Amino acid sequence: MKLKGKTAVITGSNSGIGLGIAEELAKLGANVVLNSFTDNEGDHELAKNISAETGTKAIYIQADMSKADQCRALVEKAAEALGQVDILVNNAGIQHVEAIGTFPPEKWDAIIAINLSSAFHTAAIAVPMMRKQGWGRVVNIASAHGLTASPFKSAYVAAKHGIVGLSKVVALETAEDPITCNAVCPGYVLTPLVEAQIPDTMKEYDMDRETVIRDVLLERQPSKEFATTEQMGGVVAFLCSDAAAQITGTTLSVDGGWTAL
Ligand code: NAD
């Protein structure tokens, strides 16, 4: 098991990409900490299921990534519970789509806090731990919108460009340590959130499912295929591998050719 003995904290991991990453890292032997802002039976059940399926330790820690102190406490609590934090995956994220003139300032603040500032706060606690332990991986889940823009997504595009920049800084500050920091930039990934948009979009455009996926959702994704949460897990696992030890301060696009256009 390639990641046996390592502990990974994945923010925003009770669904979608974060859960896919946690499952993949656990399959490779890592102990994993799941997180979101909720604290219900289902959240803890997800961790129990991962433990049962992989034989690794998996726990759920509630922490709201819009709050600086809770971001920091998440990493501290994870280290207390599982002994250390070797892998930090900053994945929590939200979206709001609206023109700049009417974009609600509170949505701007929430997106910048959850999608960008949380990664600063978690890394501020995790990086010194990794340095002490002599190994670490920070993987920030950015987006194709960390490299390109779309109208009506001001806060999201700003936060995702910001996390690409933050990844470069952390990489430079840890360049002489056995620590790497990179940003993964997915195009569209088929998560429950994206799946849920399909029926409404079918109605709105009077199109069938295949046409909505091809011509609306995947308009900018030349492969015309979604990436999967399993593939996202595999990409993060690769960045945690020895093969990726010299990959730091860069972006890895998983976007079916979007950014080649
Ligand atoms: P999702 O809604 O399924 O996952 C978001 C996760 O963040 C959930 O677990 C949610 O509970 C958590 N979260 C939200 N607010 C939080 C808070 N305040 N504190 C803690 N956790 C919080 O969506 P997803 O598609 O899996 O997105 C995961 C990440 O991937 C996001 O950063 C998103 O921007 C990025 N991304 C997604 C896509 C895509 O097509 N799905 C594409 C590019 C980038």
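The values are calculated or read from the model by the stated rules, or taken from the named source; none is laboratory data. Everything numeric in this text was worked out from a predicted model, so none of it was measured. Virtual Cβ from ideal backbone geometry, glycine too; neighbours counted across all protein chains shown. Protein only, heavy atoms only, side chains kept; ligands, DNA and RNA dropped before computing areas. Shrake-Rupley method; radii C 1.70, N 1.55, O 1.52, S 1.80 Å.
Summary table
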quantity: Förster radius 22 Å - calculated FRET efficiency between Ile100 and Val194 (Cβ-Cβ, nearest 0.05); calculated: 0.35
quantity: Too-long pairs where the Cα-Cα distance tops 25 Å, listed order kept, from Lys107/Lys203; Lys57/Lys107; Lys27/Lys48; Lys6/Lys153; calculated: Lys107/Lys203; Lys57/Lys107; Lys6/Lys153
quantity: P(r) of the chain over all Cα-Cα pairs, binned every 10 Å from zero, in whole percent; calculated: 7, 31, 37, 19, 5, 0
quantity: Only Lys, Arg (+1) and Asp, Glu (-1) charged, at Cβ; the chain dipole about Cα centre in debye; calculated: 760
quantity: Between segment 86-136 and segment 207-249, the alpha-carbon center distance in angstrom; calculated: 20
quantity: Peptides 140-153, 167-180 ordered by average Cβ neighbours within 10 Å, highest first; calculated: 140-153, 167-180
quantity: Inter-site label distance for Thr211 and Trp135 at 7 Å from Cα along Cβ, in nm; calculated: 5.3
quantity: Percent accessible area from carbon and sulfur atoms, the chain, protein chains only, probe 1.4 Å; calculated: 55
quantity: Positive dipole terminus of the chain, leading residue within Asn140, Ala227, Gly256 (C-beta point charges); calculated: Asn140
quantity: Accessible area of segment 45-161 divided out per residue, in Å², using a probe of 1.4 angstrom; calculated: 44
quantity: The chain, relative contact order in percent, only Cα pairs under 8 angstrom and at least six apart counted; calculated: 19
quantity: For segment 65-186: span of alpha carbons on each principal axis (Å, largest first); calculated: 47, 26, 19
quantity: Cα-based reach from Lys168 at 22 Å (exclusive), listing lysines while leaving out same-chain residues under 8 positions away; calculated: Lys132, Lys160
quantity: Inverse of mean 1/r across different Cα pairs in segment 139-243, Kirkwood, Å; calculated: 15.6
quantity: Highest to lowest packing among 217-228, 26-37, scored as the average C-beta count within 10 Å; calculated: 26-37, 217-228
quantity: Added length on full extension, which subtracts the Cα-Cα distance from 0.36 nm per residue, Asp177 to Lys203; calculated: 4.1 nm
